[in-house]
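The values are calculated or read from the model by the stated rules, or taken from the named source; none is laboratory data. Everything numeric here is computed off the predicted structure, so don't read it as measured data. Backbone-built Cβ (ideal geometry, glycine too); neighbour counts: all protein chains shown.
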Protein chains: 2
Amino acid sequence: MRTLVASGVDVCFTNPGTSEMQFVATLDQVPDMRAILGLFEGAVTGAADGYARMSGRPAATLLHLGPGLGNGIANLHNARRAHTPVVNIVGDHATTHLRYDPPLASDIESLARPVSIWFRESKTAGDLASDAAEAVAASFGPPGGVATLVAPADLSWTEVAGPAAPVKARKREPASADCVEEVAKALRSGEPAALFLGGTALREKGLLAAKAVCETVGASLLCETLPANIERGGGLPDPERLPYFAELAIARMEGLRHLVLVDVAAPVSFFAYPDVPGYLVPGDCEVHVLAEHADDAPATLQALADALSGVDSRSEKADSTAEASASISAGRPDRPTGPLTAETAAAAIGALLPEGAVVSDESNTSSVFLPAATVNGPRHDWMCLTGGAIGQGIPLATGAAIACSGRKVLSLEADGSAMYTMQALWTQAREGLDVTTVIFDNRSYAILNWELSRVGAGAAGPRAKAMLELDHPDLDFVSLAKGMGVPATRATDAEQFTTQLERALSEPGPALIDAVLQR
Amino acid sequence: MRTLVASGVDVCFTNPGTSEMQFVATLDQVPDMRAILGLFEGAVTGAADGYARMSGRPAATLLHLGPGLGNGIANLHNARRAHTPVVNIVGDHATTHLRYDPPLASDIESLARPVSIWFRESKTAGDLASDAAEAVAASFGPPGGVATLVAPADLSWTEVAGPAAPVKARKREPASADCVEEVAKALRSGEPAALFLGGTALREKGLLAAKAVCETVGASLLCETLPANIERGGGLPDPERLPYFAELAIARMEGLRHLVLVDVAAPVSFFAYPDVPGYLVPGDCEVHVLAEHADDAPATLQALADALSGVDSRSEKADSTAEASASISAGRPDRPTGPLTAETAAAAIGALLPEGAVVSDESNTSSVFLPAATVNGPRHDWMCLTGGAIGQGIPLATGAAIACSGRKVLSLEADGSAMYTMQALWTQAREGLDVTTVIFDNRSYAILNWELSRVGAGAAGPRAKAMLELDHPDLDFVSLAKGMGVPATRATDAEQFTTQLERALSEPGPALIDAVLQR
């Protein structure tokens, strides 16, 4: 634990069992490690993801054997797809006990590999500290990811000499000058072109440089559909998100002759559909990789901007920032009235979004109106479901709130997704976290109602429909939140929602609003 | 789906996504398949386990890609350890789409192998039906287990000729006559001996035969600590459960010279502890394997009884049954009064346990008094946490209720464990299942408070303690149940608990009692 703290990992999200009791007991000897209990492992791993997306540093997890890891896999999958550094500590049976195949034994490595960029099971007590230091470094990549360290119980209860020295993480480097020049050449051709941004390109520095590139050569500025964490508002350049549905994405890219990838893969559809291409780039469009996931994307974008403009990067940046600042806070939506819908809820959020807000967005089908409603608001961070495994949002908001004390976290949740890892609300209550959760309550797996016909499954009969509806009985999110110690209210029209949201955002601590959408 | 139904699998617990929409749409064409929606995959896999433990037949699951499987792994681990047949259907991306590594793609096989006795990803649409028939047969083993079938979306949307013919499952056979004779010889020695029963030996036929053996040779009758499903009450022989804690188990077996294993492995401790043996059999005790997991354990026990007694098995069986019936329902506990504790709660349950009850027991530390309180009650089934992955109980009860229409299901839940897969309460409400849930509410991971000192981690300081306590804030299980449509009450003394339990057991449909235990 001292090695972790010395390596910069001083937050641990835990759901421990017997084999992790030494780690737990050590908390009283290492006050610099902050341990935060989750009541389910998906809450733990999602919180670690949210913490690192906001802080840029990994948190540790503490999970109990294979089944505990299993419960955390969905949100580790999301962390993997978001390239989030996580130091994923999994306790195991004592090495001497595994030969007996006790009830909780299972193949932890097989479970961990699909979500991990680094995996190690410590072999001796002396290795534990140095393995932990290496896990921290490995989690940074680049690109970042989940470093899984398995800690057998008997190694944990054996005395060792002391902590290990931190291990230096590899640094990101800009892409080569040749690579930049090749892209610059393509863009100078004047043929229709777009920059397609993802990952680390979506922070202020990368966005400003990308905008400068696009303005110089007349290219479009696109970004991935579900960014891990995009900096927005306050006049920042607002790249156009590629639509979720393949047909719309294909239509958007029609006519492009050059697509420049920046910390993102070439766009593919989320799911395959009969008779719709899964690869979304037009056949006659040349794909250029400006920056890989491991590269320093913002610096590479700036190098491209410099190459295209021929001017010194510092003055160019100063100009962009000045221009950006000028347009702050223009055009926020009015407070909505009338029925509560995805659209009026988005307007209320856009009207009230606080300066420096951190948004965890798992609103899924209810998210359609949110980007436009919030783009002209104050500066904020917006985190999406990059990996697609639902149950991310409430834990992610929880971890983000730990990382961002003093900032308001807004957790935008679809009702179906909220039911996967709602236990994180209890952690919000226990830690007094400043999180406002909005449940977009349409009593349906709405996305599946859309998808059912799109995959050629035909019209849904009543028995199929029953698998997609969340009514009979209706979920009562106010009671569920209350059950975990989070005060909650229900809104059934736009005025109620706006008033309740204003109150929740102005008061400290967690709150939940059940936004019952008109169907 | 028609293949599944023809193979005897006509219940499917589902939490589908886009890649499973064809399966869902087909429900309206195959009315013999009953689909039951769960709001989280752990609820789905645990329900499939409970269904098969009670019906003896597998249910199908329907899970969404790797992350959906991940969420179901903990309860599939429990099914694996309980040797429960489960046909675990996992949808995947279209085979043509996987090459693009879309966001939800992951290594499903690596995730599935640790919990599966059989794994296959269908390669063509034509294979899907025959693979399904093989999965059903494979799930039976023997011993039973999880057969995972991965169904890529494009195979599901391709037309095929029709269903496949069912595949015959392998049958269990009794152990060889030589094996029986070897055990008989050891038992005839007159040296201290015990039968140690597990798995399929713990049903009426096996219990009666085992008791006959023990009475003939003066051996003890022991069984595994956490049976998957033991038949009890109504005068059935009641094997002594091996204690959970290693020291107690070792003390219990001290002096034994012969331990006869019947559908169970030699006993090992659940966890390792410093300076305590993990293998619990005394050094001078000979271990005899009478029946492996795959054998017909009850028939083998009967053969052993016959070999020892020299009499024909049919008359012996009749005698045992008659004797058993004579002692029905003697000695149930009185209705308790005074403070509500694990002991008085157990007394109330013993006093009120209905004829034919099905008990899902995940009461963990609160379970200490339950076996003695219920053993003299009417005939019932008692299912334990064989695999040790908490979060089993509420889903298991849900699936058992689907299998056992007309019988009352009693779901005994520790508060900490209840928080893992509580979503199954909603399925109980939706399906109107006859399940009474009791939350043993001690506001603590009580087992970890016990284990912390036992693993040599020393006295817990306040920061360690905070990781083991479920207060700050207290969980309000009445609100949580209400939030999912299950009526609930709170009991704070023994009379209240008894009255509430009596009402819940006498009324149809789901109910939950928050039993707040005196600390």
B:SER19: passes all of (1) closer than 13 Å to B:GLY399 by Cβ; (2) part of a helix (DSSP H, G or I) but (1)
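Please work out which residue is farthest from B:VAL435 (Cα to Cα), limiting yourself to segment B:310-366 and to residues that are hydrophobic (A, V, I, L, M, F, W, C) and modelled with pLDDT under 95. Steps first, please.
So the first thing to find is which residues in segment B:310-366 are hydrophobic (A, V, I, L, M, F, W, C), and the list is B:311, B:318, B:322, B:324, B:326, B:328, B:330, B:340, B:342, B:345-349, B:351-353, B:357-359.
Retained after the next criterion (residues that are modelled with pLDDT under 95): B:311, B:318, B:322, B:324, B:326, B:328, B:330.
Details: B:VAL311: 44, B:ALA318: 34, B:ALA322: 32, B:ALA324: 28, B:ALA326: 30, B:ILE328: 25, B:ALA330: 26 Å.
Restricting to residues being hydrophobic (A, V, I, L, M, F, W, C) and modelled with pLDDT under 95, the top hit is B:VAL311.
Which one is nearest to the chain's Cα centre (by Cα), of the residues in segment A:410-436 that are of a type in the set (S, T, N, Q) and within 16 Å of A:VAL486 (Cβ to Cβ)? Outline the logic, then answer.
From segment A:410-436, those of a type in the set (S, T, N, Q) are A:411, A:417, A:421, A:423, A:427-428, A:436; that's our starting set.
Checking which are within 16 Å of A:VAL486 (Cβ to Cβ) leaves us with A:411, A:421, A:423, A:427-428, A:436.
On the way: A:SER411: 12, A:THR421: 15, A:GLN423: 18, A:THR427: 19, A:GLN428: 18, A:THR436: 17 Å.
So, considering only residues that are of a type in the set (S, T, N, Q) and within 16 Å of A:VAL486 (Cβ to Cβ), the one nearest to the chain's Cα centre (by Cα) is A:SER411.
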One residue is enough: does segment B:397-410 have a residue meeting the conditions among the charged types (D, E, K, R), on the phi < 0 side of the Ramachandran plot and within 14 Å of chain A (Cβ to nearest Cβ)? no
Only unsatisfied item for A:GLY356, checking (1) more than 14 Å from chain B (Cβ to nearest Cβ); (2) small (Gly, Ala, Ser); (3) in contact with a Lys or Arg (Cβ under 6 Å, 6 or more places away or on another chain); (4) under 30 Å from A:GLY70 (Cα atoms), is (4)
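Residues that are within 14 Å of chain A (Cβ to nearest Cβ) and either among the polar types (S, T, N, Q) or under 30 Å from B:CYS285 (Cα atoms) (or both): does segment B:157-178 have at least one? Don't jump to the end; show me each part of the working.
Keep residues of segment B:157-178 that are within 14 Å of chain A (Cβ to nearest Cβ), which gives B:157-159.
Those still in the list that are either among the polar types (S, T, N, Q) or under 30 Å from B:CYS285 (Cα atoms) (or both) too: B:158.
Yes, there is a match, as at least one residue in segment B:157-178 is within 14 Å of chain A (Cβ to nearest Cβ) and either among the polar types (S, T, N, Q) or under 30 Å from B:CYS285 (Cα atoms) (or both).
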Subset tally (residues that are among the β-branched types (Val, Ile, Thr) and touching a Pro at 6+ places or on another chain (Cβ under 7 Å)) for segment A:415-436: 2
In segment B:2-17, is there at least one residue being closer than 21 Å to A:SER106 by Cα, crowded, with 24+ Cβ neighbours inside 10 Å and touching a residue at least 60 places away in the same chain (Cβ under 8 Å)? no
Checking A:THR45 against (1) more than 20 Å from the chain's Cα centre (by Cα); (2) within 22 Å of B:LEU104 (Cα to Cα), only one condition comes out false. Which one? (1)
For segment A:73-107, give me the residue count where each residue is farther than 20 Å from B:THR225 by Cβ, facing another protein chain (nearest Cβ under 8 Å) and more than 15 Å from the chain's Cα centre (by Cα). 2
Segment A:262-274, residues that are within 14 Å of chain B (Cβ to nearest Cβ) and either within 22 Å of the chain's Cα centre (by Cα) or free of Cβ contacts under 8 Å to residues at least 60 places away in the same chain (or both): A:VAL264, A:ALA265, A:ALA266, A:PRO267, A:VAL268, A:SER269, A:PHE270, A:PHE271, A:ALA272
By residue number, the members of segment A:439-480 that are within 26 Å of B:ASP32 (Cβ to Cβ), surrounded by fewer than 20 Cβ atoms within 10 Å (Cβ to Cβ), touching a strand residue (DSSP E or B) at 6+ places or on another chain (Cβ under 9 Å) and modelled with pLDDT of 90 or more are A:ARG463, A:ALA466, A:GLU469, A:ASP471
Identify the residue in segment B:282-311 that is more than 23 Å from the chain's Cα centre (by Cα) and acidic (Asp, Glu) and, among all such residues, is surrounded by the most Cβ atoms within 10 Å (Cβ to Cβ). B:ASP306
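Would a scan of segment A:24-40 turn up a residue that is assigned to a helix (DSSP H, G or I), within 12 Å of chain B (Cβ to nearest Cβ) and touching a helix residue (DSSP H, G or I) at 6+ places or on another chain (Cβ under 6 Å)? Don't jump to the end; show me each part of the working.
Filtering segment A:24-40 down to residues assigned to a helix (DSSP H, G or I) leaves A:24-26.
Retained after the next criterion (residues that are within 12 Å of chain B (Cβ to nearest Cβ)): A:24-26.
With the extra rule that they be touching a helix residue (DSSP H, G or I) at 6+ places or on another chain (Cβ under 6 Å), the set shrinks to A:24-25.
Within segment A:24-40, one or more residues are assigned to a helix (DSSP H, G or I), within 12 Å of chain B (Cβ to nearest Cβ) and touching a helix residue (DSSP H, G or I) at 6+ places or on another chain (Cβ under 6 Å).
Scan segment A:422-433 and give yes if some residue there is at the interface with chain B (Cβ under 8 Å from one of its Cβ atoms) and assigned to a loop (DSSP other than H, G, I, E, B), otherwise no.
Step one: filter segment A:422-433 for residues at the interface with chain B (Cβ under 8 Å from one of its Cβ atoms), giving A:423, A:426, A:429-430.
Right, trim to assigned to a loop (DSSP other than H, G, I, E, B) and you get A:423.
There is at least one residue in segment A:422-433 that is at the interface with chain B (Cβ under 8 Å from one of its Cβ atoms) and assigned to a loop (DSSP other than H, G, I, E, B).
Given the condition surrounded by fewer than 24 Cβ atoms within 10 Å (Cβ to Cβ), under 17 Å from the mean Cα position of the chain (by Cα) and assigned to a loop (DSSP other than H, G, I, E, B), answer yes or no: does some residue in segment A:392-401 qualify? Before the answer, list the steps.
Let us first name the residues in segment A:392-401 that are surrounded by fewer than 24 Cβ atoms within 10 Å (Cβ to Cβ), namely none.
No: zero hits.
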Out of (1) modelled with pLDDT of 95 or more; (2) farther than 30 Å from B:ALA294 by Cα; (3) not basic (Lys, Arg), what's the single condition that is false for B:SER19? (1)
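Which helices (runs of 4 or more DSSP H) sit wholly inside segment A:70-180 and have at least 3 residues that are of a type in the set (Asp, Glu)?
Numbers: elements: A:108-112, A:125-139, A:153-156.
It comes to A:125-139.
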Please specify each residue of segment B:456-490 satisfying the condition of being under 27 Å from the mean Cα position of the chain (by Cα) and touching a residue at least 60 places away in the same chain (Cβ under 8 Å). B:LEU475, B:PHE477, B:MET484, B:GLY485, B:VAL486
Per the filter on segment A:423-460, residues closer than 27 Å to B:LEU470 by Cβ and not aliphatic (A, V, I, L, M) are A:GLN423, A:TRP426, A:THR427, A:GLN428, A:ARG430, A:GLU431, A:GLY432, A:ASP434, A:THR436, A:THR437
Taking the condition at pLDDT 95 or above, within 22 Å of the chain's Cα centre (by Cα) and either of a type in the set (D, E, K, R) or not in a strand (DSSP E or B) (or both), does B:ARG407 pass? yes
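Quick grid of which residues meet (1) of a type in the set (A, V, I, L, M); (2) closer than 16 Å to B:ALA418 by Cβ:
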residue	(1), (2)
B:ASP476	no, yes
B:GLY483	no, yes
B:GLU502	no, no
B:SER506	no, no
B:ALA515	yes, yes
Show the residue pairs that are 6+ apart or on different chains and have beta-carbon atoms under 7 Å apart, the first residue being within segment B:72-97 and more than 29 Å from B:GLY198 (Cβ to Cβ) and in contact (Cβ under 8 Å) with a residue 40 or more places away in the chain, the second being surrounded by 24 or more Cβ atoms within 10 Å (Cβ to Cβ) and charged (D, E, K, R). B:GLY91/B:GLU20
